[in-house]
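What follows is a short report on a single structure.
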Amino acid sequence: MSRSGSSFPAASRLGVNIDHVATLRQLRGTPYPSLVEAARIVETAGGEQITIHLREDRRHIQDQDVVDLRKSLKVMMNLEMAATDAMVKIATKIKPEWVCLVPEKRTEVTTEGGLDLKKNRSRMAKTIEKLKKAKIKVSLFVEPTVSVVTQSHDLGADAVELHTGQYCLATQGALGKKSASRVKPEFERIEKAARHGVQLGLHVHAGHGFDYENVRSVAALERSDRSALIEEFNIGHAIVCRAALVGMERAVREMIASIRAP
Ligand code: PXP
């Protein structure tokens with residue numbers, strides 16, 4: 001039986017991260033592109049969740065985006081954020097269906113790795129408790145290791161989002177000469193951590209760095225009942241990049257129409 005239809009066994013859900021639609025807007029400070037419109041198109045196309053990262057430096061998503069999306073979304077909202085008091089205050093007001101707690105460094109280009117749960121144990125525990133009290137489900141963005149998945153479970157998280165960045169970089173040849181030899185071990189780390197998470201009763205999500213090719217083998221992983229091992233994928237950059245290409249023809253035609261039929 002195929003997992004591509006809506007019937008059992010269950011297929012994975014796609015959460016579309018639209019941060020980089022906001023990046024394009026913030027580059028120029030223009031009123032476009034509209035995030036609400038982008039989210040509507042994602043919904044029309046079958047995306048089952050909108051993922052946004054409200055970074056402390058507000059480099060792409062702004063507070064008003066979170067408010068506007070909360071009002072307009074028909075699908076679930078997954079708010080990625082650092083475990084700070086200020087962010088918890090925003091989340092408990094907005095009440096997304098999910099919060100994904102992520103580590104954040106101001107100087108990083110993108111999130112560079114999973115949470116250090118040992119170092120930040122008490123802060124994480126307090127943050128998870130506050131969010132769950134507000135009836136928000138909590139996922140922790142972690143490295144794909146058995147030990148950190150166990151720690152996530154012990155902290156009371158509902159889900160882990162496995163950081164797939166190293167695997168994806170390896171598949172793209174971006175780890176230098178060792179890239180080819182890293183693909184298999186990185187893939188196996190993801191599989192092992194995911195199976196462990198499922199055994200512990202956690203929801204298992206995955207994200208970071210996926211493209212249209214390297215996602216396939218991770219999406220093909222199955223449980224014993226043939227449902228998808230990974231319940232949810234959160235993917236952003238590759239989709240926004242692809243949209244710039246597949247949407248280019250229409251965008252150019254519309255501009256020619258504006259010039260020729262003003
Ligand atoms: N999941 C998390 C926790 C992230 O921080 C990001 C990047 O913002 C993503 C998923 C999406 O990653 P990408 O844009 O590489 O698909």
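Quick notes
- Distance from the range 47-68 to the range 152-188 (C-alpha centre basis), Å: 25 Å
- Helix-only arithmetic for the chain: the sum of -39500 (n - 2.57) across DSSP H runs with n ≥ 4, divided by the residue total, places the mean residue ellipticity at 222 nm at -14000 deg cm²/dmol.
- Reciprocal of mean inverse Cα separation for the range 1-138 (Kirkwood radius, Å): 16.1 Å
- Inverse of mean 1/r across different Cα pairs in the chain, Kirkwood, Å: 19.3 Å
- Net dipole in debye of the chain [+1 Lys, Arg Cβ; -1 Asp, Glu Cβ; about Cα centre; nearest 20]: 300 debye
- In the chain, the longest principal axis of the Cα atoms and the axis of helix 248-260 are about 20 degrees apart.
- Relative packing of 127-133, 202-208, which averages over residues the other C-beta atoms within 10 Å, highest first: 202-208, 127-133
- Taking amide H as placed 1.01 Å from N in the peptide plane, the amide H of Glu80 sits under 5 Å from that of Ile52, His53, Leu54, Cys100, each at least 5 places away or on another chain.
- One compactness figure for the range 63-135 is 1.15, namely its Cα radius of gyration divided by 2.2 N^0.38 Å.
- Cβ-derived FRET efficiency at R0 41 Å, Ala174 paired with Met255, nearest 0.05: 0.75
- Taking Lys and Arg as +1 and Asp and Glu as -1, the other residues whose beta-carbon sits under 14 Å from that of Lys178 total +2.
- Couplings 3J(HN,Hα) of the range 228-241, computed from phi: 5, 5, 8, 6, 8, 10, 10, 9, x, 3, 5, 6, 5, 4 Hz, in residue order, whole Hz [Karplus 6.51 cos²θ - 1.76 cosθ + 1.60, θ = phi - 60°; x for Gly and Pro].
- Table column - 3J(HN,Hα) (Hz), the range 62-73, Karplus curve with 6.51, -1.76, 1.60, x for Gly and Pro: 10, 4, 5, 4, 5, 5, 5, 5, 4, 6, 9, 5
- R0 of 30 Å, Cβ-Cβ distance Leu245-Arg58: FRET efficiency to nearest 0.05: 0.60
- Bridge type composition, the chain - antiparallel percent by DSSP, nearest 5: 5 percent
- Set of lysines near Lys192 by C-alpha distance (under 29 Å), chain-local residues within fewer than 8 positions excluded: Lys105, Lys118, Lys119, Lys126, Lys132, Lys137, Lys177, Lys178, Lys184
- Helix 35-45 axis versus longest C-alpha principal axis of the chain: approximately 70°, rounded to the nearest ten.
- Ordering 166-176, 45-55 by mean Cβ neighbour count within 10 Å, with the highest value first, yields 45-55, 166-176.
- Stretch gain in nm, segment Gln26-Ala134, where the contour uses 0.36 nm per residue and the Cα spacing is subtracted: 35.8 nm
- Packing-based order for 139-150, 62-73, 251-262, using average beta carbon neighbours within 10 Å, highest first: 139-150, 62-73, 251-262
- Entry note, the chain: relative contact order of 18 percent, from Cα contacts under 8 Å with a spacing of 6+ residues.
None of the figures in this text is laboratory data; all of them are computed from the coordinates on show. From a predicted model like this one, the values you see are computed outputs, not experimental measurements. Glycine gets a Cβ as well: all are built from the backbone with ideal geometry, and neighbour counts include every protein chain shown.
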